[in-house]
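Notes follow the structure.
The values are calculated or read from the model by the stated rules, or taken from the named source; none is laboratory data. As the structure is a prediction and not an experimental result, all values here were calculated from the model. Positions of Cβ are backbone-derived with ideal geometry, glycine not excepted, and every protein chain shown enters the neighbour counts. Ligands, DNA and RNA are excluded from the accessible area calculation, which covers all protein heavy atoms including side chains. Shrake-Rupley method; radii C 1.70, N 1.55, O 1.52, S 1.80 Å.
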Amino acid sequence: MSVRTSARPCAPRTVASGSFGRSRAAPKAQSCRQQRKYIPGYVQGLARVGVRGARRHSGVCRAKQETNAPLEAPSLNDTLDALKNTLDDTDSELPDDGAYGRKLPVRASSSPPPKPTTKPTKQTYVPPTLSEIAVEEGGILFKKTTRALSSLPLAIGELFVIAGLSAVGTVIEQEKSPLFYIQNYPDGSPIFGFVDYNFILTSGIDHIYSTWWFLSLLALLGASLAACSSTTQVPMVKVARKWEFLQRKAQFYKLEVAEEIDNAKMSDLATLLAKRGYQVFTKGEALYGFKGLVGRLAPIGVHLAILFILGGSAYSSLAINRGSTMTPQGADFDITSAMRKSPLGTRKDMEGSRLRINNFEIENYASGAVSQFYSDLSVMSADGEELYQKVVSVNDPLRWKGVTMYQTDWSLSSVVVNVKGGKFGDEGKNLQLPMAKLEEKAGVSGQIWGAFLPIGEETERSGISVLARDLNSAVFYKANGEFSGVRRPDSGKEIEVEGVTLTVVDIVGSTGLELKSDPGVPFIYAGYGGLIITSFMSFLSHSQVWALQEGGVLYVGGRSNRAKFGFDQEINNVLEEMPETN
């Protein structure tokens, strides 16, 4: 069986080549470069400045290689003697250079050197201006600031702080009235000993996402991401795009994968790489191929997507207009008046527009529980013209010129009854009685609304109570609390209570709407979409392959930033498929 060996001279590696069936070059002895560590440092320094005596150690190195004897460092006296002999031998050839105390070679010429035609001009020192100094110092400060902001621990700390504050904003209700916080967070029993309504309203936790310090944290995180991209990701992409051909086989020894193949052609390798999706380029006897460059660009896309999300969130906090309203059926309201003014102003294009509630209906299950509620809405112009109409429900809002109107709640506004008898007369009179929510009152469970119809004199507090849980029925009680009966609005049946005759005409419902105009939402959605795409793209490996043809020998090497084991397997498979040439 033939043996295949690595081309790396200082680290010989023997690999069985059962698939190729061709022999490789024998491993070489350790190079003089690797043995250079035995040469004293001062001799290496002399060799770098051009003293020839130090170069004689290369002969010692070669002699040691030839005899395979261990290399020993020369003594100080031997080294100085060698340097002295070398300088003595060259004294006749090297004129003295008083500036550095060493010999310089004489230029062979039969004629004297030409005299200068012009006198050298003296250069005068021109001090920099204040603006130049400011620009230079500003550039230095900018680089230091960028380097500090690109710190990974700093970015992780910023993320943890923002996540913690977002959790606080999720637990503590946002954008509620001061009375709400006074009732739910009294100072008599603060949470954790200090979180009460006074702390919440003073620190701004009631609107945490629009406070200056939360927006400052978002800006700081955005600056860290931008600094990281400019100092790390962008230079990596520039390096990845600047590819070059390898012209010396020694360059292949530095790659992660390096192979040497006898009786192989570079054109066959190019064909096999192209079949696997590589972009292949050739120049003379050299080849370069790559694939997955988008994997290098993906981290920059991830940072840009997060910046879009942060920017959209900040823009939403400053420009959002929103509000809520409970409007009875048949009424209308001004749209801009129903929304709170944002720090960046109101929607000027919506001024004068009104929203009318044409109808409100509730859909119930067979058990009587509410399953869905619908509102028939119309957007009206300032002149009373209907501009847009839609029936909305939960999860099916109305959108008009960037304003979204959600169906969020419902209530009972009033009950319309026809009253006959007593002080109301025998002809009958329709009365619309306003209804109030009795939930959480003593002896009341669940959602229930009540109305009161006075039947006595103005000084008397006697009357009929009307209760309802939905739009389908009303319950009547006497002045002493005794149950009288139940009637439906569409039945037309009368009921006599406390000497008067009552008929339920209608139960009027109210629709609860939430209005919101958030111009930052498109940026947030775009950022999240880009984040998903670029996150998957970042898993793509950027693989590079080089090859060099020297006669019948083909040197192949490559590297990859991810999936290194898979890349090694891919190169092995390519080399296995390489046809052998004569």
(message) Roughly how far apart, in whole Å, are the Cα centres of segment 391-465 and segment 272-308?
(response) 69
(message) Tell me the Rg and the Dmax, in Å, that the Cα atoms of segment 362-436 produce.
(response) 18.4, 55
(message) Quick check: pseudo-label points 7 Å beyond the Cα along Cα→Cβ at Leu215 and Ile182, how many nm apart are they?
(response) 2.9
(message) Give me the 1.4 Å probe accessible area per residue for segment 221-355, excluding ligands and nucleic acids, in Å².
(response) 50
(message) Need the full-extension length gain, Lys265 to Gln279, defined as separation in residues times 0.36 nm minus the C-alpha distance. One decimal, nm.
(response) 3.2 nm
(request) Calculate, in whole percent, how much of the Cα-Cα pair population of segment 435-553 lies beyond 21 Å. (result) 64
(request) Tell me the Kirkwood hydrodynamic radius of segment 459-513 in angstroms, computed as one over the mean inverse distance between distinct C-alpha pairs. (result) 12.2
(request) Report Rg (one decimal) and Dmax (nearest whole number) for segment 226-361, counting Cα atoms only, units Å. (result) 30.5, 91
(message) Kirkwood Rh over alpha-carbon pairs of segment 280-359, then Stokes-Einstein at 37 °C and 0.692 mPa s: what D in µm² s⁻¹, rounded to an integer?
(response) 185
(request) Determine how large the accessible area of Ser491 is when every protein chain is in place; take a 1.4 Å probe and give Å² rounded to the nearest 10. (result) 50
(request) Could you work out how far the C-alpha centroid of segment 166-239 sits from that of segment 314-343, in angstrom? (result) 23
(request) Could you check the simple spin-label distance between Phe565 and Ala436, using points 7 Å along Cα→Cβ, in nm with one decimal? (result) 7.4
(message) Testing the spin-label approximation: label points 7 Å from Cα along Cα→Cβ at Val234 and Lys348. State their distance in nm.
(response) 3.6
(message) Report D for segment 221-298 in µm² per second (integer): Stokes-Einstein, Kirkwood Rh on Cα pairs, 4 °C, 1.567 mPa s.
(response) 86
(request) Find the accessible area per residue for segment 471-582; the probe is 1.4 Å, ligands and nucleic acids are left out, and the unit is Å². (result) 49
(request) Report the normalised scattering of segment 133-287 as log10 I(q)/I(0) at q = 0.09, 0.14, 0.16 Å⁻¹, calculated by the Debye formula with identical scatterers on the alpha carbons. (result) -0.63, -0.89, -0.99
(message) Once the convex hull of the alpha carbons of segment 525-565 is built, what does its volume come to per residue, in cubic angstrom?
(response) 69
(message) Can you compute the label reach from Ala369? Point 7 Å from Cα along the Cβ direction, backbone N cut-off under 19 Å, restricted to segment 450-486.
(response) 469-472
